[in-house]
Amino acid sequence: MIGSYIKTSRRNLLRNKLFSTINIVGLAISMSVGLLLIAFVLDLHSYDRFHQNGERIYRITNVLTENREQSGKFATTSIKTAKLIQEKVTGVEDVAILHNNFSQDAKVGDNTLPIKGFWANPSIFKVFTFPMLEGNPSTALKEPYSIVLTETAARKLFGHQSALGKSINFNALDYKVSGIMKDVPFFSHINFEALVSLSTAEQLNKTNNNFEQWTSMASNYVYLLLPENVDLASIQPQLDAIEQEENLAEENTEIQLELLPLYDIVVGENLRHSEGGPGSVGPHMPLVMLWILGGLALIVILSACFNYTNLSIARAMRRFKEVGLRKAIGAGKSQVWQQFLVEAIMISLAALFLSYFIFLVMRPLLINLAPEMQRTVKLELTPLMLAAFIVFSVTVGVLAGLMPALFFSKVSAISALRNVSTVKVFKHITLRRALVVIQYSLTLIFITTTAIGYVQYKNILAFDLGYRTQNILNINMQGNKPDALLKELSEMPELTALSRSLIITSVGNAWGGFMKYKDSLDSVLVMTNHVDENYLALHEYKLVAGGNFMARPTTTTAATEVIVNQQVLKRFNIGSNDPQKAIGEEITFSSFHGTRKMTIVGVMKDFHYGKVDNLVGPVAFMFWTPEDRAIINAKIQSRDIPTTMAKIESAWKKIDRVHPFQAEFYDQAIEKAYSEFSTIIKIIGFLSFLAISIASMGLFGMVAFTTETRMKEISIRKVMGASSGTLIYLLSRSFLVQLSISALIALPVTYLFFENVVLANFPYHTPVQIAELLVGLLVVLLIAFIMIGSQTMKAARSNPVDILKSE
């Protein structure tokens, strides 16, 4: 029976080459998007699966509340939390601690190379599966100043010699190589070149009282290995008891401890660092983003399925005799719909073969779409992925063929000659027309979304931040003191101004602390930057009162002058919100450097410290000191930027031959900060192109079929004196009405979605313009006119004699 279905389906496909080609190509294009999504999801769900005890590993996360306002959920926690869990929580097999920010220059003989990694306790090798090639994993990270290298790092430092037992110098201190481990797999959310014993960090921070405080949760990651079949309900109450006891000692800060499964780290809730950055050690993809991408891919696939359904039902009159004959000789409903499902699945499998080659072409384009993609996925074919592709293909075939199969299976032998156009989905709308309207509505939403998103993205890049960023080059000193490079740069005539800062603002970086005015119980988180006396003038910040820094402190704690923005005055009502009266007022500022009194010496006009999707908040500038890490801000005035950049890089190599030159123009950094928006727009734009291509192929097929079935009518009308224009209007009227209905649905939906959902998160967005809404409609109408016109003109120019000679 199945063989008969396949043979009949093959003959039918060969007999209708145009419609078969449209269906196969349309499904192939849409399915290639599905294949990319499947590969993407499978790669994301491959993270950390190589750990033998992965299902039993959990990360401790913190929910921070300050001044009774929740500051967010953080991926990090304190080292004290880890030690309290080890001491007090029963039912925990082991606790691994990772302390971030081990990034130093390793000196071996005459070679100096940068090495990045974590400080870690010995339990790291018990909790996680990181196979050791040389050394004892139980003791490798026990002693202070011991280090474990990956294979690649050991080869980078020592060549092909054995590194075990040898010494590496970091900051004039010798570290002993106590182990060599296999390289960290690509699909690991933790990536490093080296692990240094946590006991080393404890010794180096003996005088730092904040290192193991309950609230010192920046850059510490704590993982628990729980026993098999453990009851999580027995662990959480013990964590709650720890947090309640420790929070009693804090005035305005509360920390809540939670458990996060290892497999939910890469794909799951978006967490933060204490400094305000992303919370995952490695890649991260919010679950909602996968749902969005899945929804977009589904729309494209449904568009191709609608094509199949439309063309199948449009050709119903030709298939009715076949169905009637089958039923007359005893075929039941199930046998009829099985026949049509087999045909749809055959088309889908043929499309899978073609879509795989499209997938191979599109894969590098997706990976190279953004640097984050290259570090996150590989999209390489695996047996599991191949099986998923085949299952997906059959599913699409069933989805595409289900409606035609059910439709034809319900046709009785007696009504086999009736016109299928009488089948209604609503009162006066045929099934085919409804599907065309839905398909083009989705296509219009796609293309209009792309247009609006692109315009909003360009507006963000051109947004007035409140200061100047043009032609400013930010040079990362990478731990070097800036004085020597500043001297070299000051002698270049192309550089008209130089300054120093701690961070680059407006690109998502954040640095801050808590400020108080007169009420000791009233504090607010204030974002800060440490800048020198040249910074304000170089960036053209607008001072509304006071002046620049006067003192030149050499330590952070000695800096007692502060320049604030207008939001600080508004928040505390300093000087009755009068900038002139605020000059000379004293505030208290607390950070990890400690608490100190500071005097307001200047008030800046408000500007955007964070990204433009954040509201402008309180900001303070303090003086940059040699204790701070440095970024040199250089204002360039040159007609030959490449030559100027080469001169700057040459100056860099004079002071640092180890680290590659890292510099970026401010405008480029801002553009990179919004790269996620750019990537989303590119993806949606690409899907828009696919959706409109598929819809256009379907429209072409429908017009070709309609024209073919009405050739005799057209010929008679021509004989009766109808003009070509009249015939074109007659044939295209129905399709244009359907496109108009699609526009009436899609454009308001898109506008309301952007204004009420998407742009609601951007307080400084520009309103959606009518031109952005109409551009998609004009593109779709132009393509539709080409599709319809090409066929109707062909029919209108036909010779009635050739068509009617058989009548």
(request) Hey, can you tell me all the residues within region 348-382 that are part of a helix (DSSP H, G or I), surrounded by fewer than 19 Cβ atoms within 10 Å (Cβ to Cβ), under 27 Å from the mean Cα position of the chain (by Cα) and not aliphatic (A, V, I, L, M)? (result) Tyr356, Phe357, Pro364, Pro371, Glu372, Gln374, Arg375
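Assess whether Ser490 counts as being without any contact (Cβ under 8 Å) to a residue 40 or more places away in the chain and more than 30 Å from Gly685 (Cβ to Cβ). If you could, list the steps in order and put the result at the bottom.
Details: without any contact (Cβ under 8 Å) to a residue 40 or more places away in the chain: yes; more than 30 Å from Gly685 (Cβ to Cβ): yes.
When the stated conditions are applied, Ser490 passes them.
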(message) For region 760-789, which positions are surrounded by 19 or more Cβ atoms within 10 Å (Cβ to Cβ) and either touching a Cys at 6+ places or on another chain (Cβ under 6 Å) or under 22 Å from Asp464 (Cβ atoms) (or both)?
(response) Val768, Glu772
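Scanning region 509-525 for residues that are aliphatic (A, V, I, L, M) and touching an Asp or Glu at 6+ places or on another chain (Cβ under 9 Å), which turns out surrounded by the fewest Cβ atoms within 10 Å (Cβ to Cβ)?
Filtering region 509-525 down to residues aliphatic (A, V, I, L, M) leaves 510, 515, 521, 524-525.
Retained after the next criterion (residues that are touching an Asp or Glu at 6+ places or on another chain (Cβ under 9 Å)): 510, 521, 525.
Details: Ala510: 19, Leu521: 8, Leu525: 16.
Selected residue: Leu521.
Consider Asp43 carefully, then state whether it is outside any loop (DSSP other than H, G, I, E, B) and under 25 Å from the mean Cα position of the chain (by Cα).
Considered against the rule, which asks whether it is outside any loop (DSSP other than H, G, I, E, B) and under 25 Å from the mean Cα position of the chain (by Cα), Asp43 comes out as yes.
Considering every residue within region 560-577, establish whether at least one is touching a residue at least 60 places away in the same chain (Cβ under 8 Å), part of a strand (DSSP E or B) and in contact with a strand residue (DSSP E or B) (Cβ under 8 Å, 6 or more places away or on another chain).
Our first condition is that a residue be touching a residue at least 60 places away in the same chain (Cβ under 8 Å); within region 560-577, this holds for 561-562.
With the extra rule that they be part of a strand (DSSP E or B), the set shrinks to 561-562.
Now restrict to residues that are in contact with a strand residue (DSSP E or B) (Cβ under 8 Å, 6 or more places away or on another chain): 561-562.
The answer is yes, given that some residue of region 560-577 is touching a residue at least 60 places away in the same chain (Cβ under 8 Å), part of a strand (DSSP E or B) and in contact with a strand residue (DSSP E or B) (Cβ under 8 Å, 6 or more places away or on another chain).
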(message) Condition first: touching a strand residue (DSSP E or B) at 6+ places or on another chain (Cβ under 9 Å) and over 25 Å from His189 (Cα atoms). Now tell me which residues in region 247-264 satisfy that.
(response) Asn247, Asn252, Thr253, Glu254
(message) Need the failing condition index for Met289 against (1) surrounded by 15 or more Cβ atoms within 10 Å (Cβ to Cβ); (2) closer than 28 Å to Tyr263 by Cα; (3) modelled with pLDDT under 80, just the number.
(response) (1)
(request) Scan (1) within 34 Å of the chain's Cα centre (by Cα); (2) at pLDDT 95 or above; (3) not in a helix (DSSP H, G or I) for the single condition Tyr609 breaks and write down its number. (result) (2)
(message) Cβ-Cβ under 7 Å, sequence separation 6+ or interchain: first residue in region 677-699 and in contact (Cβ under 8 Å) with a residue 60 or more places away in the chain, partner outside any helix (DSSP H, G or I). Which pairs?
(response) Thr679/Leu369; Thr679/Ala370; Lys682/Leu369
(request) Run Ile85 past the list (1) at pLDDT 90 or above; (2) outside the structural domain of Phe211 (by TED's automatic domain parsing); (3) surrounded by fewer than 23 Cβ atoms within 10 Å (Cβ to Cβ) and report the number of the one that doesn't hold. (result) (2)
(message) Checking the conditions here, which among Phe392, Phe408 is part of a helix (DSSP H, G or I), modelled with pLDDT under 80 and not assigned by TED's automatic domain parsing to the domain that holds Phe187?
(response) Phe408
(request) Go through Thr90, Thr65, Thr81 for me and flag whichever is assigned to a loop (DSSP other than H, G, I, E, B), at negative phi and out of contact with any His (no Cβ under 8 Å at 6 or more places or on another chain). (result) Thr90
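Please work out if Ile714 is in contact (Cβ under 8 Å) with a residue 40 or more places away in the chain and crowded, with 19+ Cβ neighbours inside 10 Å. Lay out the reasoning, then the answer.
Details: in contact (Cβ under 8 Å) with a residue 40 or more places away in the chain: yes; crowded, with 19+ Cβ neighbours inside 10 Å: yes.
The answer is yes for Ile714.
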(request) Report, by residue number, each residue of region 46-72 that is modelled with pLDDT of 90 or more and surrounded by fewer than 15 Cβ atoms within 10 Å (Cβ to Cβ). (result) Arg49, Gln52, Glu55
(message) Looking at region 635-646, I want the residues that are assigned to a loop (DSSP other than H, G, I, E, B) and have a partner that is of a type in the set (S, T, N, Q) and surrounded by fewer than 17 Cβ atoms within 10 Å (Cβ to Cβ) with Cβ atoms under 8 Å, at least 6 apart or on another chain. Which pairs are those?
(response) Gln637/Asn471; Gln637/Thr496
(message) I'm told Val737 meets every condition in (1) exposed (fewer than 15 other Cβ atoms within 10 Å of the Cβ); (2) of a type outside the set (Asp, Glu); (3) at pLDDT below 75 except one. Can you identify the failing condition by its number?
(response) (3)
(request) Could you list, in sequence order, all residues of region 526-554 that are surrounded by fewer than 17 Cβ atoms within 10 Å (Cβ to Cβ), within 17 Å of Asn633 (Cα to Cα) and hydrophobic (A, V, I, L, M, F, W, C)? (result) Ala537
(request) Sort through Lys182, Lys206, Lys166, Lys142 and tell me the only one that's in the same structural domain as Gln104 (by TED's automatic domain parsing) and under 30 Å from Ala249 (Cβ atoms). (result) Lys206
(message) Please determine whether any residue of region 109-121 is in contact with a Ser or Thr (Cβ under 9 Å, 6 or more places away or on another chain), surrounded by fewer than 22 Cβ atoms within 10 Å (Cβ to Cβ) and part of a loop (DSSP other than H, G, I, E, B).
(response) no
(request) With the checklist (1) farther than 30 Å from Leu759 by Cα; (2) within 34 Å of the chain's Cα centre (by Cα) in hand, flag the one item Ile587 doesn't pass. (result) (2)
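Would a scan of region 134-142 turn up a residue that is among the charged types (D, E, K, R) and within 30 Å of Val230 (Cβ to Cβ)?
To start, the set of residues in region 134-142 that are among the charged types (D, E, K, R) comprises 134, 142.
Narrowing further to those that are within 30 Å of Val230 (Cβ to Cβ): 142.
Yes, because at least one residue in region 134-142 is among the charged types (D, E, K, R) and within 30 Å of Val230 (Cβ to Cβ).
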(request) Write out, first by first residue and then by second, each pair whose Cβ atoms fall under 8 Å of each other, whose residues are 6+ apart or on separate chains, and whose first residue, in region 648-659, is exposed (fewer than 13 other Cβ atoms within 10 Å of the Cβ) while the second is part of a helix (DSSP H, G or I). (result) Lys654/Ala484; Lys654/Glu488
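The values are calculated or read from the model by the stated rules, or taken from the named source; none is laboratory data. All of these numbers come straight from a predicted model, not from anything done at the bench. Every residue, glycine among them, receives a Cβ derived from its backbone with ideal geometry; neighbour counts consider all protein chains shown.
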